[in-house]
Amino acid sequence: MLLLLFISCNQSSKNQQNKDSNISCYPNDSRPSQAISYEEMAAMMDSYNTGAKIELDNYMKKISKGKDSVSTIYNWYKIEDLKQYIAYIERISKEKKIPVTGFRIYPTSYPLDYSIEKLRGRLTLIFTPTTTFNGKNDVAFEPLYSEIGKPVMVSKFLDKIKKKKSNLLKSTETSTDFESSSANRILTNPPN
């Protein structure tokens, strides 16, 4: 989760960085308060490995009919991809005059009918930008479809999709998909 601490650099910072590669393009490159110790890290990993991971491994074994018994070990993002994603979110949000306060990181899993068979049922993460709404700083919003100064909540789109799926079961209506500003295309291990 600490990966999101990398904030995209603006063009003037990039130019300065090119002049002196030893200077960071970030306004504050000191150790952040969110950084943890190895003791904390080991305790969290142990808790996961002796708790939720056991159930997730059993689930993988069940859905793969015994072919696979190891759930997701980690997800990986290239630093360039994270920087590009953050810069993209900052740009489209700035155009809409909606301040980005951070990102919600949703733990999810690939559907059992996902196009890439090896990823089916595996854990993954979805990054969604947040803003301040009704006094809360962590409200997931969709900058692509927001109007200037008026954020549209991600929940509005997810509710539409759920309703549409429900209606599809009752009719011959076809589903339509539309882009989001959320991100997920990452490497998952396994199957790497």
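The values are calculated or read from the model by the stated rules, or taken from the named source; none is laboratory data. Keep in mind the model is a prediction, meaning the values are calculated, not measured. Cβ atoms come from the backbone with ideal geometry, glycine included; neighbour counts cover every protein chain shown.
For beta carbons closer than 8 Å, sequence separation of 6+ or different chains, a first residue in region 92-112 that is within 25 Å of ARG122 (Cα to Cα) and a second that is small (Gly, Ala, Ser), the qualifying pairs are ARG104/ALA140; SER109/GLY121; TYR110/GLY121; LEU112/GLY121. The residues of region 48-74 that are touching a residue at least 12 places away in the same chain (Cβ under 8 Å) and loosely packed, with under 12 Cβ neighbours inside 10 Å amount to a single one, TYR74. For PRO143, the stated conditions hold: it is in a loop (DSSP other than H, G, I, E, B) and either closer than 30 Å to ILE73 by Cα or modelled with pLDDT of 95 or more (or both). Given the criteria acidic (Asp, Glu) and either touching a residue at least 24 places away in the same chain (Cβ under 8 Å) or not assigned by TED's automatic domain parsing to the domain that holds ASP159 (or both), does GLU142 qualify? When the stated conditions are applied, GLU142 passes them. Across region 97-118, a minimum of one residue is classified as farther than 21 Å from VAL152 by Cβ and among the basic types (Lys, Arg). Between ILE89, ILE98, the distinction of being touching a strand residue (DSSP E or B) at 6+ places or on another chain (Cβ under 6 Å), modelled with pLDDT of 90 or more and part of a helix (DSSP H, G or I) belongs to ILE89 only. Of the residues making up region 75-123, those that are more than 15 Å from the chain's Cα centre (by Cα), closer than 16 Å to PRO191 by Cα and surrounded by fewer than 15 Cβ atoms within 10 Å (Cβ to Cβ) are PRO111, LEU112, TYR114, SER115, ILE116, GLU117, LYS118.
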